[in-house]
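First comes the structure, then the notes that go with it.
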Amino acid sequence: MGRPQVLSVPERLDALPDVTGKGVTMCFVDVGFYPHPDMMRPKRRIKAYADATRDVPDGHEFFSPQSFGWHGTMTACVAAGNGWRSGGSYRGIASDAELVLVKAGVDGGRVIGKNVAHALRFPLRFPQLGIRILNVSLGVRADDPDFADAEKAVEELTEAGIAVFAAAGNTPGRAVGAPGSAPSAITVGGQHDRFSPDVEGDRVWPSSHGSSHHGVQKPDLIAPAIWIPAPMLPGTLTAREAAPLFQLLSVLEELSAEHGFSERHSLSTPEQRAQVAEFMGQIEARIRKQKYVSPEYQHVDGTSFASPIAASVAAQMLEVAPHLTPNDLRRGLCETSQFLADVPKLQQGAGILRPRAAVEWARAQKK
């Protein structure tokens, strides 16, 4: 009845199914997080949680769903969730990677440059965690006094061997902000695809592009930024609405089946059938409006989710070739991307992410 049908990211991008980021540790910097079952079951893959906004993290805040935790939870699961609550259907490309989560938002999600810079440097303070990839899907305002320090932190991470992936932002005509503006960041813009590895007919998502640094191209490449399946934050109004909507729709579909109309169900008249059909249409419309794709997942949009997809492919590359440096990862991802015809380079960088080609490129690199 028009209900959204969304492919998993690995299926959609034709990613290699047997390369899942095993042995690679990824760090995510975002406004907040929740230890969703897609990262905790059947094995706990969250190695550490930190809060860059206070001296001691609040464990209760982390383990109890907070309204501001949806964005970081989704970015991490888009890259490295295993789809546990969907029976594996909505897993990320790096579904076996280990994770470090660093909260950088305050006051329910507000972003301050000094907190972002502090969060970005977390892997440098704890090298024993073995972080190889960091994804940051938030931005620092151009007038923030710590804008330049956020960029500097990216350069420090790259020099230390940690590849930094950053969302370009979703404002066409505006230059990419920090941390994605840092020259060494692997900055990811958005692709509006047709849910298929075939790029014919694809176009760019309305992303930020351009750089204040002379000779620097931003974004570096683009990845899907629409119809990305991600788990809803448990306990929120969104999550509590989705499950009963799908349950009620299932009941009505069963009752509406030809064998269901009988005296026993009192749905035997044309008027009653029309009323049920109208009600079902209203439920379907609500599901589409809220972007629900299942009782526990919804689709999300924006470069915040394009960036972790690219980062998850980098985790695949490191699984097959652990010696690759951040510059190697950038080169491999960009050299294997597919340039989108009739779109300015300024808006797409090297072009569309191609996971399978990137991993094969990595395999071909000799140590």
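General observations
- Proximal charge balance of ALA182 [Cβ under 12 Å; K/R count +1, D/E count -1]: -4
- Within the stretch 205-229: backbone nitrogen closer than 16 Å to the LYS345 label point (7 Å, Cα to C-beta): 210-211, 214-222
- Ordering of 210-220, 75-85 by packing [mean C-beta count within 10 Å, highest first]: 75-85, 210-220
- Taking 7 Å steps out from each Cα toward its Cβ at GLU335 and LEU7 produces label points 2.7 nm apart.
- LYS289-ASP107 FRET efficiency (beta carbon distance; Förster radius 30 Å; 0.05 resolution): 0.55
- Taken about its Cα centre, the stretch 272-367 carries a charge dipole of about 140 debye when Lys and Arg each add +1 at the Cβ and Asp and Glu each add -1 at the Cβ.
- For the stretch 222-359: accessible area per residue (Å², 1.4 Å): 44
- Listed residues ARG141, ARG203, ARG125 arranged by accessible area, highest first, probe 1.4 Å: ARG141, ARG203, ARG125
- Each Lys or Arg adds one and each Asp or Glu subtracts one; over the other residues with Cβ under 10 Å from the Cβ of THR73, this totals -2.
- 14 Å beta-carbon shell around PRO344, net charge (K/R +1, D/E -1): +2
- A prolate overall shape is assigned to the stretch 275-359, the ratio a/c of its alpha-carbon gyration tensor axes (a ≥ b ≥ c) being 1.5 or greater and a/b exceeding b/c.
- The stretch 24-46 residues near the modelled PHE126 label - backbone nitrogen below 20 Å, point 7 Å along Cα→Cβ: 24-41, 43-46
- Point-charge dipole on Cβ atoms (K/R +1, D/E -1) for the chain, about Cα centre, debye to 20: 600
- Magnitude of the charge dipole for the stretch 131-195, about its Cα centre and with charges confined to Cβ atoms of Lys, Arg (+1) and Asp, Glu (-1), is about 360 debye.
- Cα gyration tensor shape of the stretch 311-367, rounded if a/c is under 1.5, else prolate or oblate by comparing a/b with b/c: prolate
- Rounded to the nearest 500, the 222 nm mean residue ellipticity of the chain from helices alone is -10500 deg cm²/dmol, with -39,500 (n - 2.57) taken per DSSP H run of at least 4 residues.
- Relative contact order of the chain, defined on C-alpha pairs under 8 angstrom at six or more residues apart (%): 21
- Calculated on the alpha-carbon coordinates, the convex hull of the stretch 31-140 measures out at 101 cubic angstrom per residue.
- The chain: most fluctuating residue of ALA166, ALA178, ALA341 per GNM, C-alpha cutoff 10 Å: ALA341
- Tensor-based shape of the stretch 108-203 (alpha-carbon gyration tensor, a/c under 1.5 rounded, otherwise prolate or oblate): oblate
- For the chain, share of DSSP beta bridges that run antiparallel, in % to the nearest 5: 30
- Nearest-0.05 FRET efficiency for LEU248 and TYR49, computed from C-beta distance (R0 30 Å): 0.25
- Count of Lys pairs (Cα-Cα under 30 Å; at least 8 positions apart or interchain) in the chain: 27
- Most fluctuating residue given options PRO224, PRO127, PRO37, as computed from a GNM of the chain linking Cα atoms under 10 Å: PRO127
- Solvent-accessible area, 1.4 Å probe, carbon plus sulfur percent, for the chain: 51
- For the stretch 268-354, the relative contact order is 15 percent, taking Cα pairs closer than 8 Å that sit 6 or more residues apart in sequence and dividing their mean separation by the residue count.
- Of the beta bridges in the stretch 1-123, as assigned by DSSP with both residues counted there, near 15 percent are antiparallel.
- Between 0 and 90°, nearest 10: helix 326-335 axis offset from the chain longest Cα axis: 60
- Mean-position separation - Cα centroids, the stretch 42-82 and the stretch 117-189, in angstrom: 19
- Options PHE126, PRO42, TYR292, ranked by Cα towards positive dipole end of the chain, top entry (Cβ charges): PHE126
- The stretch 214-367: Rg to Rh, with Rh as the Kirkwood radius over Cα pairs: 1.23
The values are calculated or read from the model by the stated rules, or taken from the named source; none is laboratory data. Here the structure is a predicted model, which is why all the values come from computation and not from measurement. Positions of Cβ are backbone-derived with ideal geometry, glycine not excepted, and every protein chain shown enters the neighbour counts. The protein model used for the area step is the full one, side chains on, heavy atoms only, and it has no ligands, DNA or RNA in it. Shrake-Rupley method; radii C 1.70, N 1.55, O 1.52, S 1.80 Å.
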